[in-house]
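A.B. asks: Here you go, one structure.
The values are calculated or read from the model by the stated rules, or taken from the named source; none is laboratory data. If you're wondering where the values come from, they're calculated on a predicted model, not measured in any experiment. Note that each Cβ is placed from the backbone with ideal geometry, even for glycine, and that neighbours are counted across all protein chains shown. Calculation scope for accessible area: heavy atoms of the full protein, side chains included, ligands and nucleic acids excluded. Shrake-Rupley method; radii C 1.70, N 1.55, O 1.52, S 1.80 Å.
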Amino acid sequence: MKEPTFEFDPSAMFLENIQYYASEPGVHSSSAARKFDQITIENFHIPSLVLMENAARGMADRIIANYPKAKKIAVLCGPGNNGGDGLALARILYLKGYRVAILLKADSALSDDETVQFESCLALNIQLYPLELFVEDYRPFDESYDLYVDALFGSGLNRPLGGIYKEAVCALNRSIKPVVSCDIPSGIYGNTGQGETFVYADLTLALDCRKFGHIISKGHQASKTVEVIDIGIPAAVHALDPGQIKWINKKSAAHGLPVRSRYLNKGRFGKVLLCGGSFRMQGALAMAASSCFHAGVGTLSLYTPKSAARAIAAKMDLAMIIPADETDGYFSEQAADRLTDLLDQYTFVCCGNGMGTEDGALKVVHTLLKKRMNMILDADAINIVSRHPEWLKINSEFRTLILTPHVVEFSRLSGFTVEQIQNSPIKCIDAFLREYPNIILVLKSDVTFVADAENISVLDHPDSTLSKGGSGDVLAGLICGLCAQQSVFYEACASAVWIHNQAASYHQNNQDRINPACFTPLDLIENYSSIFNELEKVREHCA
Ligand SMILES: NC(=O)C1=CN([C@@H]2O[C@H](COP(=O)(O)OP(=O)(O)OC[C@H]3O[C@@H](n4cnc5c(N)ncnc54)[C@H](O)[C@@H]3O)[C@@H](O)[C@H]2O)[C@@H](O)CC1
Ligand SMILES: Nc1ncnc2c1ncn2[C@@H]1O[C@H](COP(=O)(O)OP(=O)(O)O)[C@@H](O)[C@H]1O
Ligand SMILES: [K+]
C-alpha cells in the first residue's frame, strides 16, 4: 500500500487557531489514517495502547446503544491491531457483565499490542475458542450469541483473504446474527473499497475517521451504516492530509446557505434564467424552476419553447416566461440567436432540464458557453457538451461552470466507463478536473461528490426517496438558487446537495412522514423552509 507523502509539521498546525480544525474529520485513505496514528504516538506521545483503549471503549458504547438487547457477543479476532481492538472490546464488554466469546486462529502470531490484550483476556478467563471451530460449524454460535464483532483485519490488510480467514468471513456472511465490523469490514481495502471475499457488516465502527473504503466501490455496501469513533487523535492532525475528502454535513451546509439581509431588494438576490424544457418534457423545467424560486432567488425567468411555455404558464405563477421559437416542440436554432440578446439581463443561468439534444438545443448550449457568465449545465445540456467537450474550454477562466451529471452522464462526459466511475470515482473525478480545472463537478448518485480543482467533498446518505425522475431537476434548481445569491459557489453546491438529500427524509420521525415510495420530487421543495430555518440556527450558533 502506498504511504501518504504528508509530513508532520508542527508549525503548520499551531500557527493556526487549533479550534478551527475541531470539526468532524473528513474521509481519508487508510494509509493516511495509519499515518495519523503514527504522528499521534510519536509526536504527541499518546501510546498506541491508549488509542486502542479509546477505540474499544467507543465501540462498546456504540454496540450497547445500537443493540441494547444483545447480551452474548462473539468477537472474531485477527493477527494484528484490529484483532487487538477486538480483544480490548471483549474485555470491556466482559467486565460490564456481557457473556463474551473470543474466536482466534489457533497458534496465531499476535502483534505487540494485541499480545497485551490477549494476556489480560487470558487472566480474566474470558472464553476463548479456536477460529477453526467457528469455521467448521458457526450454527452453535448463532444459537448461543446475539451478535458478532468482526475484528479480523483493518487497515493492515495487504492481500486477499484466503484459508481459514476466508472461510470465517463466508460463515459470518451466512449467519443470521448481526455483524459489527471494527474499523472496516474485513477483506475490504481501506484505500480503494475493493476486495474479493469480505464481510457484509450491519454496522461499521470507523476508528478515528471514515476511510475511502467505506464510501466507494464494494466497501460502500459492505460497510452499510458507518459510525465514527473518536479515538483521541488530535483534530489538527487530520488537517495535515492533502488527500482528504471533506464530509458534507449540517455545519458545512449551513456555511453554504446564502445570508439573507433584510434590507436588500429583489435585485440583490440574483436574476436567474432557466433555459430548457420542450413540448414533451416541460415538467423537468417546471420542477427546477419551483425549486430555484423556493431557494430564495430575487427574480426568475424561464426561456423555453413556445408549446412548453404555454403549458408551464398555465400552472406556474412564480416565474416570468419567455417563449422561444421552436421546431417540433424543441428549441429551434433561431431560439439560440435570440438568447444572445437576452443573457445580459441575468446574473446566473441553469440550462438543460427537459431540453432534448436536437440542433436548436445544441446551439443554445454553445451560445451560453460563449458568454462569460456563471452557469449550471444539467441533464441534456451535459449530454450535449459530452458530444462537444471542446466547448467546456471556451472562456473557461472567465466564469464558473457547474456540471451536475449522474454516473451515466459523467461516463459520457469523461469517457470513463460506468464501472470505472463506480469503482474509482475519486480517480475519475481527479482526471476530469485536471483536464477542466475551472469546473465545479457535482457527481450524483447514492453517494454524491462535489469537487473542484482544489477540493473534494462527499455526501454519503443513500435514500431511495430520491431514486425518481425529477429529483435531479429539483437539485439543479436548488444549486442554481443558492449560487445566484452569493459568490461561494463550491460551498453553495455542497449545501444544496445536503439540503436536497435531507429534504427527502425530513419527516422521518414524524407521523406524517410520506413513505419513500409515495414521495415526489416536488415534496422535497415543501421541506426547504424547515431545513433552511434549522441551518440558520446552526449558523447563528457557530458565529
Ligand atoms: N496503530 C495504532 O496505534 C492503532 C491501530 N488501530 C487498529 O489497528 C488496525 C491496523 O492494525 P494492523 O496494522 O496490525 O493491521 P491489521 O490488524 O489489519 O492486520 C495486519 C496483520 O494481518 C496480516 N494480514 C494482512 N492481510 C492478510 C490476509 N489477507 N490474510 C492473513 N493475514 C493478513 C498482516 O501480515 C499483519 O500481520 C486498524 O484497522 C485499527 O483497527 C486502532 O487500535 C487504533 C490505534
Ligand atoms: N438511492 C439514492 N440515494 C441517495 N440519493 C439518490 C439516490 N438515487 C438518486 N439520488 C439523488 O437524486 C438525484 C437524481 O438525479 P438524476 O439522476 O439526475 O435524476 P433526474 O434526471 O431524473 O432528475 C441526484 O441528486 C442523486 O444523487
Ligand atoms: K474488521
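A.B. asks: Write out, first by first residue and then by second, each pair whose Cβ atoms fall under 9 Å of each other, whose residues are 6+ apart or on separate chains, and whose first residue, in region 488-505, is acidic (Asp, Glu) while the second is surrounded by fewer than 24 Cβ atoms within 10 Å (Cβ to Cβ).
C.D. replies: Close Cβ pairs satisfying both conditions: GLU491/SER252; GLU491/HIS255.
A.B. asks: Further question on the same structure: Can you go through PRO68, PRO25 and tell me which one is part of a loop (DSSP other than H, G, I, E, B) and touching a helix residue (DSSP H, G or I) at 6+ places or on another chain (Cβ under 8 Å)?
C.D. replies: Values: PRO68 fails: touching a helix residue (DSSP H, G or I) at 6+ places or on another chain (Cβ under 8 Å).
Sole residue among the options that is part of a loop (DSSP other than H, G, I, E, B) and touching a helix residue (DSSP H, G or I) at 6+ places or on another chain (Cβ under 8 Å): PRO25.
A.B. asks: When you go through (1) in contact with a strand residue (DSSP E or B) (Cβ under 6 Å, 6 or more places away or on another chain); (2) away from ligand 3 (no atom under 14 Å from the Cβ) one by one for GLU53, which number turns out not to apply?
C.D. replies: Condition (1) is where GLU53 drops out.
A.B. asks: Among the numbered criteria (1) open to solvent by 50 Å² or more (accessible area, probe 1.4 Å); (2) within 14 Å of ligand 1 (Cβ to nearest atom); (3) modelled with pLDDT of 95 or more; (4) of a type outside the set (A, V, I, L, M, F, W, C), which one does ARG99 miss?
C.D. replies: Of the numbered conditions (1) open to solvent by 50 Å² or more (accessible area, probe 1.4 Å); (2) within 14 Å of ligand 1 (Cβ to nearest atom); (3) modelled with pLDDT of 95 or more; (4) of a type outside the set (A, V, I, L, M, F, W, C), the odd one out for ARG99 is (2).
A.B. asks: List the number of the failed condition for GLU136; all other conditions in (1) modelled with pLDDT of 95 or more; (2) under 21 Å from MET59 (Cβ atoms) hold.
C.D. replies: Status for GLU136: all satisfied but (2).
A.B. asks: Go through region 227-243 and report how many residues are surrounded by fewer than 20 Cβ atoms within 10 Å (Cβ to Cβ), farther than 15 Å from ALA32 by Cβ and touching a strand residue (DSSP E or B) at 6+ places or on another chain (Cβ under 7 Å).
C.D. replies: Of the residues in region 227-243, 1 are surrounded by fewer than 20 Cβ atoms within 10 Å (Cβ to Cβ), farther than 15 Å from ALA32 by Cβ and touching a strand residue (DSSP E or B) at 6+ places or on another chain (Cβ under 7 Å).
A.B. asks: Filter region 165-194 for residues that are on the phi > 0 side of the Ramachandran plot and open to solvent by less than 10 Å² (accessible area, probe 1.4 Å); which is nearest to ligand 1 (Cβ to nearest atom)?
C.D. replies: First pass over region 165-194, keeping only residues on the phi > 0 side of the Ramachandran plot: 183, 187, 193.
Adding the requirement that they be open to solvent by less than 10 Å² (accessible area, probe 1.4 Å) leaves 187, 193.
Details: GLY187: 8, GLY193: 15 Å.
It comes out as GLY187.
A.B. asks: Out of PHE118, PHE134, which single residue is in the same structural domain as LEU49 (by TED's automatic domain parsing) and open to solvent by less than 40 Å² (accessible area, probe 1.4 Å)?
C.D. replies: On the way: PHE118 fails: open to solvent by less than 40 Å² (accessible area, probe 1.4 Å).
Answer to the selection: PHE134.
A.B. asks: Just name the residue that is farthest from ligand 3 (Cβ to nearest atom) out of those in region 396-415 that are more than 20 Å from PHE449 (Cβ to Cβ) and open to solvent by 30 Å² or more (accessible area, probe 1.4 Å). Walk me through it before giving the result.
C.D. replies: Step one: filter region 396-415 for residues more than 20 Å from PHE449 (Cβ to Cβ), giving 396-399.
Pick out the ones that are also open to solvent by 30 Å² or more (accessible area, probe 1.4 Å) and you get 397-398.
Numbers: GLU397: 47, PHE398: 50 Å.
Among those that are more than 20 Å from PHE449 (Cβ to Cβ) and open to solvent by 30 Å² or more (accessible area, probe 1.4 Å), it is PHE398.
A.B. asks: Confirm whether SER144 is open to solvent by 10 Å² or more (accessible area, probe 1.4 Å) and in contact with a Gly (Cβ under 6 Å, 6 or more places away or on another chain). Show your work before the answer.
C.D. replies: Values: open to solvent by 10 Å² or more (accessible area, probe 1.4 Å): yes; in contact with a Gly (Cβ under 6 Å, 6 or more places away or on another chain): no.
So SER144 fails the test.
A.B. asks: Please count how many residues of region 22-38 are aliphatic (A, V, I, L, M) and surrounded by fewer than 18 Cβ atoms within 10 Å (Cβ to Cβ). Show your work before the answer.
C.D. replies: Start the filter on region 22-38 by keeping residues that are aliphatic (A, V, I, L, M), which leaves 22, 27, 32-33.
Next, only the ones that are surrounded by fewer than 18 Cβ atoms within 10 Å (Cβ to Cβ) stay: 22.
Summing the residues that are aliphatic (A, V, I, L, M) and surrounded by fewer than 18 Cβ atoms within 10 Å (Cβ to Cβ) in region 22-38 gives 1.
A.B. asks: Only one of these conditions is not met by LEU368: (1) more than 19 Å from LYS306 (Cα to Cα); (2) touching a Phe, Trp or Tyr at 6+ places or on another chain (Cβ under 9 Å). Which number is it?
C.D. replies: Among (1) more than 19 Å from LYS306 (Cα to Cα); (2) touching a Phe, Trp or Tyr at 6+ places or on another chain (Cβ under 9 Å), LEU368 violates only (2).
A.B. asks: Would it be correct to say that THR448 is hydroxyl-bearing (Ser, Thr, Tyr), in contact with a helix residue (DSSP H, G or I) (Cβ under 7 Å, 6 or more places away or on another chain), modelled with pLDDT of 95 or more and surrounded by fewer than 19 Cβ atoms within 10 Å (Cβ to Cβ)?
C.D. replies: On the way: hydroxyl-bearing (Ser, Thr, Tyr): yes; in contact with a helix residue (DSSP H, G or I) (Cβ under 7 Å, 6 or more places away or on another chain): yes; modelled with pLDDT of 95 or more: yes; surrounded by fewer than 19 Cβ atoms within 10 Å (Cβ to Cβ): no.
No, not satisfied.
A.B. asks: From the set of residues in region 416-428 that are open to solvent by 30 Å² or more (accessible area, probe 1.4 Å) and touching a residue at least 24 places away in the same chain (Cβ under 8 Å), which is nearest to ligand 2 (Cβ to nearest atom)?
C.D. replies: The initial filter retains those residues of region 416-428 that are open to solvent by 30 Å² or more (accessible area, probe 1.4 Å), namely 416-420, 422-424, 426-427.
Subsequent filtering for residues that are touching a residue at least 24 places away in the same chain (Cβ under 8 Å) retains 422-424, 426.
On the way: GLN422: 13, ASN423: 18, SER424: 18, ILE426: 17 Å.
Applying the filter and picking the extreme gives GLN422.
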